[in-house]
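**Student:** Here it is, the structure, as structure tokens.
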Amino acid sequence: MRRRIPLRKRLLVRLLSVSALIAVCSVAATAWLAVTTTTSALKEEQGQDLAADNSILARLSGYAATHSDWTDVRRTVRELAAETGRRIALTTTDRTLVADSAPHGTPLPPRPAASVDPLRTDTYSETGAQLSGIDPRVVGPYRLPAKERARLDTLAARRKQCYERYGLQSTLVRTASGRPVVDAPDGTETAGYGATVCEDGRLNTPTPTEQKALDDLSDLARPCLDRAGLDLSGPLFLTFDPSGKDPFAGGYLIAKYARAGDKATARAARRCILTARRTQLEPYVAPVAELFLGIGDQNPSRFDMSPANKAKVIGAAGLVLAVTVAVTAVVAIRLVRPLRALTEAAQQPPELHARVPVTTRDETGILAEAFNDLAERRQRLEAQRKAMVSDIAHELRSPLTNIRGWLEVVRDGVVEPDPPLLDSLHEEALVLQRIIDDLQDLAAADAGTLRVHREPLRAGDLLDQVAAAHRVAADAAGVALRTEADDSAWLDADPVRMRQALGNLVSNALRHTPADGTVTLAARRDGPDAVLTVTDTGTGIAPEDLPHVFDRFWRPEKSRSRRTGGSGLGLPIVRHLVAAHGGTAEAASEPGEGAVFALRLPVAGPPADDT
């Protein structure tokens, strides 16, 4: 029976307790260090994350402003993810994935961080300030070809040289469309005069490409302006300011109404022109996309710990390590000590195996007890092996000695080889043959090679055959042999092997039943089993001998006399034959009241053609 170990003594509980103690110390140290060292760093990180998010959105808006689709955006996304340490994903408005820096199959964050739409943006400006409307990097049809750009560059260089002749420091700036803009300082009389002389108007005149785009924009804006009832007088109502942040926004027309004090009309004009520009530029920009941002797996460290904090971390880690080593050493020593004793005992020669002292009540103690039991069983098996060898030699020596003795006296002429002597020698040879056959059956059973040929078998027929085979021996011994069978008891068994098993039981019963006694063979069905019993009215078996009746070469006579016959192998063979059929063999007895041997086998149904 398995021994129950107290919960507090179980090895698993002790190891879990040690692990929990180490974990508590580690968590406490980590929490303390986190609270004392990372508060300011987290604030700094939040500001850096916000700046990084704005930078990501500005870069992707710039890509959308200069590309008509998102075909080649994956490289840009990977570069941004590597620079910022963030996870970046772009999807269409219906959540179809366009590009993702995370591995394939990684779920998206629950909500997008922003929409990437260069025609409706408020996140980009070259100076860092926010502005609303169209990203100035969207130039579309206003992009200057190389020839026009070269001509404007020449005009810009001349104007810059003109400014310099008047002592004015000017700067040359190139807009997204490729147009150069020369800025000169204002506020002085000399500057005003130089600007008047140098600004001949040629640099500010739209090129053919820009003029065509402005005309198309006028056509797109005209219906909206007409519906708003705005005055469209003048040959060209949409002009551009080359020095402005958005030179193509129709500032002339809007300013006209603003100067007239009609702010509502100016707002209506601004809306119409903005709508027309978006319609004009839409074919030149990438479709609207949703931007998802997450935590990347290459997020660089953005702060360094101070020496004091580093010392705290090292000290806490060292303390936790010292506690861990100390506790682990104590537990390990207590666990290893009995294991070492087991190892030393197991390494001893088999004949020197000794009991291992059991010093604990946990799994190790149970293992030590199991080792002691195993050693004791091995000793018992070794004793049984030696006894079996002695028994085999004894059983074989008796008939061989008889045969040799009679043959020697016949050879010496002392006795004539008459028929009674030959019958005696033949009987001794049969005894020797039976012992060898029994040993062969036991060897086959031990090796697992004992073969059985199963077939449907009525238990009543089996009992009748066994009784008929032993009827003469029963009559000679003056013992009544009876059979009692239930017709519903069927077996799926080897008839030859089952007759051998029942024959051994009947022979044994007849040998131990006095004259006028009775041996009864019975068969009945007990649920899923069929039970075959052999009951005698003999002397019975002593309680101390009952557990050994199925041992090999066991006989109740301590002198091992063959007066009662038998080799001590019949009952072990019965047990192996029944086990080969998936059954069990049992014995029960009361001294002076006989014995009952029961064979319990799985029941089987009759054959299909049985009537």
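The values are calculated or read from the model by the stated rules, or taken from the named source; none is laboratory data. Note that the structure is predicted; figures quoted are calculated from it, not measured. As a convention, Cβ positions derive from the backbone with ideal geometry for all residues, glycine included, and neighbour counts pool all protein chains shown. Only protein heavy atoms, including side chains, enter the accessible area calculation; ligands, DNA and RNA are left aside. Shrake-Rupley method; radii C 1.70, N 1.55, O 1.52, S 1.80 Å.
**Student:** Run the quick spin-label model on VAL327 and GLU416: label points 7 Å from Cα toward the beta carbon, then report their separation in nm to one decimal.
**Tutor:** Placing both labels 7 Å along Cα→Cβ, they lie 10.0 nm apart.
**Student:** Where the centre of each part is set by its Cα atoms, how far does the range 213-228 sit from the range 63-106, in angstrom?
**Tutor:** First find each Cα centre; the distance between them is then 36 Å.
**Student:** Applying a 10 Å radius around every beta-carbon, put 168-180, 334-346 in order of their mean neighbour count, most first. Show your work: numbers first, answer last.
**Tutor:** Numbers: 168-180: 17.2, 334-346: 13.7.
Per-residue Cβ counts within 10 Å, averaged per peptide and sorted highest first, yield 168-180, 334-346.
**Student:** I'd like to compare 416-425, 580-589: which one has the highest average count of other Cβ atoms within 10 Å, and what's the full order after that? Could you put the intermediate results ahead of the total?
**Tutor:** Details: 416-425: 11.2, 580-589: 17.4.
So the peptides 416-425, 580-589, ranked by packing, come out 580-589, 416-425.
**Student:** Need one value: the accessible area of LYS263 in square angstrom, 1.4 angstrom probe, rounded to the nearest 10.
**Tutor:** Result for LYS263: roughly 140 Å² accessible.
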